[in-house]
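The values are calculated or read from the model by the stated rules, or taken from the named source; none is laboratory data. Small disclaimer: the values here were computed from a predicted structure and weren't measured. For neighbour counting, all protein chains shown are included, and Cβ atoms are generated from backbone atoms with ideal geometry for every residue, glycine included. Side chains are part of the model used for accessible areas, which takes the heavy atoms of the whole protein and leaves out ligands, DNA and RNA. Shrake-Rupley method; radii C 1.70, N 1.55, O 1.52, S 1.80 Å.
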Amino acid sequence: MASVTFDHVVKKFGDVLAVNDLSFTIDDKEFLVLVGPSGCGKTTALRCLAGLEEITSGTIKIGDQVVNDIPPKDRDIAMVFQSYALYPHMTVFENMAFGLKLRKMPKEEIQKRVDAAAKTLEIQNLLNRKPRELSGGQRQRVAVGRAIVREPKVFLFDEPLSNLDAKLRVQTRKEITKLHNSLKTTFIYVTHDQVEAMTMGTRIAVINHGVLQQVDTPQTLYDSPANQFVAGFIGSPSMNFFQAKISKSDGKLFVVTDSFKLEIPKEKNKVYGPYDGKKVIFGIRPEDIYNPEFPSTGIKAAPVECKVDLLELMGDEIYVYLMSGSHDLVARVDPRSKYTLGSKVQMAFDMSKFHIFDIEQNPENPIAIR
């Protein structure tokens, strides 16, 4: 087992900067998820670790060993690809055993490892089938099994669930998490799906435009995002953002937009007081905007007048898409709410859970004010 360290890693493709000064450490036995939008550099970072791409500068370590110049086959890693990459003419057993045969491992040991992996993944009855006789979920398990039999120091997963349907993704997500708990090995998992990231990772590294935005536990990323990008990427539906201004009046502090004015709780005046008169980004999550007819106990809410633009019935809740002045926003409300399209409603903003970002310090990606 081993930790993994990226130390100021840069990867360029010609003039394109795919990975920009990436530095962080993945602890031994940790399940770390690299998440970000398509084209952000997360898969490139994974391929650099695997040795499939040569880094432009920086250092990558597996354990205490620098692996920059070590061939992929000698890095003691195993990678599971999005496309499964199974040999169509081989049986499941032959696919899983192929890498071990190349290493000239004894037949008895190969049989032992394949049987053990098949039992872990519950595919013992599939060992004599060809890939074309398997479902997508079964093929993905075989691909994972092929990685398990190698008993590597580090497992790498490159968007392994993206070809599966929604129900199967949930099931396989659970299986991979349980696999990590049983193998107690370092897992590094790449996805653009923030739900996968939040439910699977012990920590999440958020990347955008090749730059690391924040590395932390799922709950910390959700509760205390470092900047507007992280705040908008983590959470579904994503956080609502408003151009705003901090304003002080009669000893009270307010966040003011062109359509509403909300008082900031007194206990947060020390944090936001220095921003009096400054432009900011005000953010609040959909779950923190609710129907005042069904209040949450103990919440100090501020009413905001809105117009209902669209309704999405989810069964256990309703996504209400609203307009407040020139602002679009979405709220997650109690399913008992009786809203109609085009109606004017009062929505309650939970002012104990808002976020404010400093637009002046970094206009492109405002930093969270804490």
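Laid out as a table, the results:
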{"item": "Top-ranked residue of segment 153-166 - restricted to ones that are of a type outside the set (Phe, Trp, Tyr) and under 22 Å from Phe24 (Cα atoms), ranked as surrounded by the most Cβ atoms within 10 Å (Cβ to Cβ)", "result": "Leu156"}
{"item": "Unique match (being of a type in the set (Gly, Ala, Ser), closer than 30 Å to Leu22 by Cα and crowded, with 20+ Cβ neighbours inside 10 Å) among Ala118, Ala147", "result": "Ala147"}
{"item": "Filter pass, Asp158 being charged (D, E, K, R) and in contact with a strand residue (DSSP E or B) (Cβ under 9 Å, 6 or more places away or on another chain)", "result": "yes"}
{"item": "Segment 63-78 residues that are farther than 20 Å from His180 by Cβ, paired with ones that are open to solvent by 20 Å² or more (accessible area, probe 1.4 Å) and of a type in the set (A, V, I, L, M, F, W, C) (beta carbon under 7 Å, 6 or more apart)", "result": "Asn68/Ile55; Pro72/Leu52"}
{"item": "Out of Val320, Val333, sole residue that is without any contact (Cβ under 8 Å) to a residue 40 or more places away in the chain and open to solvent by less than 60 Å² (accessible area, probe 1.4 Å)", "result": "Val320"}
{"item": "Any hit, segment 255-266, residues being at pLDDT below 95, under 16 Å from Arg370 (Cα atoms) and acidic (Asp, Glu)", "result": "no"}
{"item": "Lone qualifier among Arg141, Arg113, Arg129, Arg169 - being in contact with a helix residue (DSSP H, G or I) (Cβ under 8 Å, 6 or more places away or on another chain) and either assigned to a loop (DSSP other than H, G, I, E, B) or exposed (fewer than 15 other Cβ atoms within 10 Å of the Cβ) (or both)", "result": "Arg129"}
{"item": "From the options Leu134, Leu100, residue that is farther than 30 Å from Pro225 by Cα and surrounded by fewer than 20 Cβ atoms within 10 Å (Cβ to Cβ)", "result": "Leu134"}
{"item": "Residue within segment 284-291 that is in contact with a strand residue (DSSP E or B) (Cβ under 9 Å, 6 or more places away or on another chain), modelled with pLDDT under 95 and more than 19 Å from Pro237 (Cα to Cα) present", "result": "no"}
{"item": "Count of segment 322-344 residues which are within 21 Å of Gly283 (Cβ to Cβ) and more than 24 Å from the chain's Cα centre (by Cα)", "result": "8"}
{"item": "Output for segment 29-42, where each listed residue is closer than 13 Å to Arg203 by Cβ and open to solvent by 20 Å² or more (accessible area, probe 1.4 Å)", "result": "Lys29"}
{"item": "Tally, over segment 24-46, of residues that are more than 19 Å from His180 (Cβ to Cβ) and assigned to a helix (DSSP H, G or I)", "result": "3"}
{"item": "Count of segment 67-97 residues which are over 30 Å from Ser38 (Cα atoms) and open to solvent by 60 Å² or more (accessible area, probe 1.4 Å)", "result": "2"}
{"item": "Scan of segment 336-348 for residues that are in contact with a Phe, Trp or Tyr (Cβ under 8 Å, 6 or more places away or on another chain) and either of a type outside the set (Gly, Ala, Ser) or open to solvent by 80 Å² or more (accessible area, probe 1.4 Å) (or both), ordered by number", "result": "Arg336, Val345, Met347"}
{"item": "Pairs where the first residue, in segment 250-274, is farther than 27 Å from Ser326 by Cα and the second is part of a loop (DSSP other than H, G, I, E, B), C-beta under 7 Å, 6+ apart", "result": "Val271/Ile369; Val271/Arg370"}
{"item": "Segment 70-117 - residue that is in contact with a Gly (Cβ under 6 Å, 6 or more places away or on another chain) and of a type in the set (A, V, I, L, M) and, of those, modelled with the highest pLDDT", "result": "Met96"}
{"item": "Residue within segment 241-250 that is under 26 Å from the mean Cα position of the chain (by Cα), under 30 Å from Lys344 (Cα atoms) and among the hydroxyl-bearing types (Ser, Thr, Tyr) present", "result": "no"}
{"item": "Pair list, Cβ < 6 Å and 6+ apart or interchain, from segment 126-143 residues that are under 16 Å from Phe81 (Cα atoms) and touching a residue at least 12 places away in the same chain (Cβ under 8 Å) to residues that are assigned to a helix (DSSP H, G or I) and open to solvent by 60 Å² or more (accessible area, probe 1.4 Å)", "result": "Pro131/Arg139"}
{"item": "Any hit, segment 7-23, residues being open to solvent by less than 40 Å² (accessible area, probe 1.4 Å), charged (D, E, K, R), over 14 Å from Asp158 (Cα atoms) and in a loop (DSSP other than H, G, I, E, B)", "result": "no"}
